[in-house]
Amino acid sequence: MPKTQPASWQSWSPLQYSPRELAGDLTGGLVAALIAMPYGLAMAALMGLPPTMGLMTSVITAPICALLGRNPVLIGGTSTVTVPFIAAAVQAQGPAGAAKITIVAGIFLMIFCVLRWGSYITKVPLPVVSGFSCGIGAMMIISQLRTLFGLRIAAGGSMLDQLWNAMVNLPSFNWQVTALAFTTIFGAALCGRVLPNAPAPMLGILAAVGCGSLFGWHDKEVGALSLSLPPLAKFTWSPADTLQLIPSALGLAIVTSVNLLITSRVVEHFRGRHQHLKRSDADRELGAYGIANLTTGLFGAPFSVGIPARSLANVRCGGSTRVSNIVHAGFILLFLTAGSQLVEHIPISALAGITAWMGYCLLDWSTWFRLPRMRRTDAVAFLLTVSSVLVVNAAISVALGCGVYAVRWLYDRLTHSPAAPHAVVQS
């Protein structure tokens, strides 16, 4: 763990801020912003919203989460987890539907904070957290296969559908796109091994841009974008909206709460911190994202949740304090205005390579190697969580993984005599 990282989330103060921490926060926020841009645009488009609204989510929520949240390096933004809920609201009521469901779901997050429900999520067993991490890592890799190999196949579908379509169409890969992507991956991996404190993702992207210019490799580029601050969303609330939006907003809040807090734990696990979070940490994280999403909903931007790829890129490049989160939002604004010419020539395949490499880092190989020696309950929970992330979704996978321990607890209760209640504790 780098020595520049604060001792705890609460102990950091500006008086302790060093030039080394500033350099890490700048590079971490820069790479996180580079990764955020194409995916923020894509997620908003999938929801039926103007593409730049996906970026406005990050710009609006990052300062709020940085100031009020508990995990300093957790970076939020639009996520695939929120797409079904918001897309349905947009289809039913247009852009106003996105504003309504985001605001109501944000209020639910604040209610969860007041009720201190976040503490229950922090008790998720470590094998389930590791399984969630591996599943998200596999999702990050599979979701990028189409871009990594330049395959002309339809986007979307389940993870298994995407994997199957990529494997079937792999013989028709575009070698130039593949070369750019794997130059990025190789460059980042090599840098991470040789220079562990260097911004490996950033150097991987620079390696891809340099090799593309040198050898004439071409791929679709990010391209220049323009951004204008959206006005406050205009909508009216009718009694019918209560029946239509409240259940969906509650579902969105529950799913994102699980995703947010588990992602926060995964990011801390990646940083080498394996201790459980305090109850106040989890509840305050929910409250911070509740306030942030209430704000972003007022502008009609989609819901924000913790993003593993951006957060891990931030950490990998040296980000260690809340400044990296604010810098991430600042760079997005800078790229879309004065610095757009620097961004427009970055190949999409290079960003896909960084995302895939981060997914590989999340696969937690040490757990796979220990799998034959793990308790049967832990191994089953781990494998079930990993597979459920890919087959069902991230939130349900956590419930299924925890369900394994509930079944074990029930089994111990039924098979052990009341005279030996201590045996249940071992579950």
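Derivation of every value follows stated rules applied to the coordinates shown; laboratory data play no part. The structure displayed is predicted, hence computed values, not measured ones. Because the Cβ atoms are built from the backbone with ideal geometry, glycine has one as well, and the counts that use them run over all protein chains shown.
Within 13 Å, Cβ to Cβ, of ALA200, how many net charges do the neighbouring residues add up to if Lys/Arg are +1 and Asp/Glu are -1? Summing Lys/Arg as +1 and Asp/Glu as -1 gives +2. Taking the Cβ-Cβ separation of ALA189 and LEU67 as r and a Förster radius of 35 Å, what is the calculated FRET efficiency to the nearest 0.05? Efficiency, rounded to the nearest 0.05: 0.55. The HN-Hα couplings worked out from phi for segment 382-392 by the Karplus form 6.51 cos²θ - 1.76 cosθ + 1.60 (θ = phi - 60°) are 4, 5, 5, 5, 4, 5, 5, 4, 7, 8, 10 Hz, whole numbers, x standing for Gly and Pro.
Between the amide H of GLY76 and those of ILE307, distances stay under 5 Å, these residues lying 5 or more places away or on another chain, with hydrogens modeled in the peptide plane.
Taking each DSSP H run with n ≥ 4 as -39500 (n - 2.57) and averaging over every residue of the chain yields -22500 deg cm²/dmol at 222 nm. For segment 19-105, the alpha-carbon radius of gyration amounts to 1.21 times the rule-of-thumb value 2.2 N^0.38 Å expected for a compact globular protein. Between amide H atoms placed 1.01 Å from N, distances below 5 Å from PHE299 occur with ALA233, all of them 5 or more places distant or on a separate chain. Think of each Lys and Arg Cβ as +1 and each Asp and Glu Cβ as -1; about the Cα centre, that makes the dipole of the chain roughly 900 debye.
Rounded to 0.05, the FRET efficiency of the SER366 and SER238 pair, given R0 = 60 Å and the Cβ-Cβ distance, is 0.65.
Need one word for segment 106-160: rounded, prolate or oblate. Basis is the Cα gyration tensor (sqrt eigenvalues a ≥ b ≥ c); a/c below 1.5 gives rounded, then a/b vs b/c decides. Note, shape of segment 106-160 comes out oblate.
Apply the a/c threshold of 1.5 to the C-alpha gyration tensor of segment 68-223 and tell me whether it is rounded, prolate or oblate. In terms of gyration-tensor shape, prolate. Working ranking of peptides 328-336, 208-216 by packing, defined as the average number of other Cβ atoms within 10 Å per residue, highest first, is 328-336, 208-216. Both radii come from the Cα set of the chain: Rg as radius of gyration, Rh as Kirkwood radius; their ratio Rg/Rh reads 0.97.
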